[in-house]
1. Which residue pairs have Cβ atoms closer than 7 Å, lie 6 or more positions apart in sequence or on different chains, and pair a first residue in region 82-100 that is touching a residue at least 40 places away in the same chain (Cβ under 8 Å) with a second residue that is open to solvent by 70 Å² or more (accessible area, probe 1.4 Å) and not β-branched (Val, Ile, Thr)?
2. Pairs, please: C-beta under 6 Å, at least 6 apart or cross-chain, first residue free of Cβ contacts under 8 Å to residues at least 12 places away in the same chain and in region 308-321, second surrounded by 13 or more Cβ atoms within 10 Å (Cβ to Cβ)?
3. State the number of residues belonging to region 193-220 that are more than 17 Å from the chain's Cα centre (by Cα), of a type outside the set (S, T, N, Q) and either assigned to a strand (DSSP E or B) or under 26 Å from residue 49 (Cα atoms) (or both).
4. Can you pull out every residue in region 322-353 that is open to solvent by less than 60 Å² (accessible area, probe 1.4 Å), in a helix (DSSP H, G or I) and free of Cβ contacts under 8 Å to residues at least 40 places away in the same chain?
5. If you scan region 354-383, which residues turn out to be over 25 Å from residue 230 (Cβ atoms) and either β-branched (Val, Ile, Thr) or in a helix (DSSP H, G or I) (or both)?
6. Could you go through region 239-258 and let me know if any residue there is under 15 Å from residue 341 (Cβ atoms) and out of contact with any strand residue (DSSP E or B) (no Cβ under 6 Å at 6 or more places or on another chain).
7. From the list 23, 41, exactly one residue is open to solvent by 60 Å² or more (accessible area, probe 1.4 Å) and in contact with a strand residue (DSSP E or B) (Cβ under 8 Å, 6 or more places away or on another chain). Which is it?
8. For residue 163, state whether it is open to solvent by 10 Å² or more (accessible area, probe 1.4 Å), assigned to a strand (DSSP E or B) and modelled with pLDDT of 95 or more.
Amino acid sequence: MSKAAYLHLANDIARFLLAEFPNLRSHPDKSAVIQAISSQNEVFSLDLTPFVAKPAPATAKPFFSGVETVSALLSAYQAARCSLPFETDLAKARENLSPYAENFQQHILARGNAGLTNAQAKLIAEWVEHLDVYCAVKAVESFMYSKADLTLLEIAPDCGWTVHYDHMAIRCGSQNHLDAERISELLRIKHGYMTPQLPGEAYYHFPEGWNAYPMYKVLENGQVLRLFIDQSDGDRPEQIIQHWNRIYGYTAHHLGLRATRLKEHTRIAVPLPEVMHAMERAGIKVMTPTGMYTEGLLEQVFTQPEKNTLIPEQLKSEIKSFGEHLVKTIENAKLLELVSRRELPPALAKRYFALYHLAYDPRHPLHSAPVYQYFLPAQAEHVIKTSQQIA
């Protein structure tokens with residue numbers, strides 16, 4: 001499909017949104033971009049052009065298909081992890097990790113082995129088998145460690161929801177060591193990820209002292225994979241991401257999940273407040289949401305962090321030298337990010353999937369076609385700030 005087809009679809013999506021939602025407005029110079037206005041009258045631009053990609057296979061399926069027990073899930077995880085190079089297979093990527101980072105990784109697996117039921121293991125495997133190896137491995141770690149992540153998977157059937165992978169954030173070290181650059185290159189060369197063709201989506205920089213590389217992949221089953229590879233700025237020794245990396249290695253800072261449902265043969269997004277309330281009823285506390293000004297194009301909230309009180313005192317003392325506040329916030333080991341993205345109406349969704357030579361079927365549980373594909377830097381700032389709150 002030509003790049004012109006991507007832009008043509010984006011223009012039509014923009015026209016649809018502007019006719020449907022009066023609070024959104026057109027961009028003065030770019031027909032494929034719409035603008036949203038926050039309650040503080042801040043203007044945010046959203047480029048609606050889908051990223052150009054050739055669909056890749058769901059490489060996790062051979063490992064996780066048919067898994068029905070905890071032991072089988074752990075075996076599948078180990079086999080998938082060994083099938084391709086990961087971060088800690090790179091000597092340079094290990095240089096600034098603490099010895100505890102390896103212990104933390106082993107603790108995750110031991111926690112899953114001791115705490116999961118066979119039914120939960122089967123549920124996890126059936127969900128991750130539709131991903132690639134990289135995201136499946138990281139997601140299994142998340143589900144084993146985070147009660148919130150697993151809770152969403154468990155309540156979804158009773159709510160009539162399909163739970164979709166939205167994105168994952170991998171905390172790297174410092175730009176002094178080119179840590180995020182190294183991992184982005186690994187993902188590009190060994191795992192088939194790419195940066196989108198839109199210049200503004202290749203790299204984000206934040207005034208709070210950190211930066212990130214968004215990366216993307218579309219799979220042959222229709223699943224879209226997003227990664228957010230972040231690190232601390234080189235001149236900000238107090239910025240927390242590098243300290244999270246040192247203690248927790250390259251385990252995901254958070255897994256972003258969202259829900260859709262079928263309504264009259266059309267796939268629609270479950271609004272974020274509905275997901276939040278359902279999680280709270282299940283005993284999972286949520287924090288401060290953002291994105292309500294986008295008419296549902298991208299709304300996000302973190303659940304309360306999964307606390308880790310097992311960090312060695314020596315490591316805490318070392319971290320304290322960079323800032324007193326880090327001693328407690330560093331215990332925010334893992335989060336779930338709840339996301340909601342408005343779905344395209346069927347006619348536009350069909351054209352969206354056709355860009356990737358896929359036939360759209362709204363009943364297919366992986367055929368979610370969000371209107372907006374990317375991240376919003378202002379919301380990334382917000383969620384990172386809330387992820388550091390001390391519960």
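1. Close Cβ pairs satisfying both conditions: 84/190; 85/190; 88/94; 96/177; 96/246; 97/246; 98/246.
2. What qualifies is 320/327.
3. 7
4. Across region 322-353, the qualifying residue is only 327.
5. Hit for region 354-383 is 354, nothing else.
6. no
7. 23
8. Criteria met by residue 163.
The values are calculated or read from the model by the stated rules, or taken from the named source; none is laboratory data. Remember, it's a predicted structure, so these values are computed and weren't measured experimentally. We place every Cβ from the backbone using ideal geometry, glycine too, and count neighbours over all the protein chains shown. Note: areas computed on protein heavy atoms with side chains; ligands, DNA, RNA excluded. Shrake-Rupley method; radii C 1.70, N 1.55, O 1.52, S 1.80 Å.
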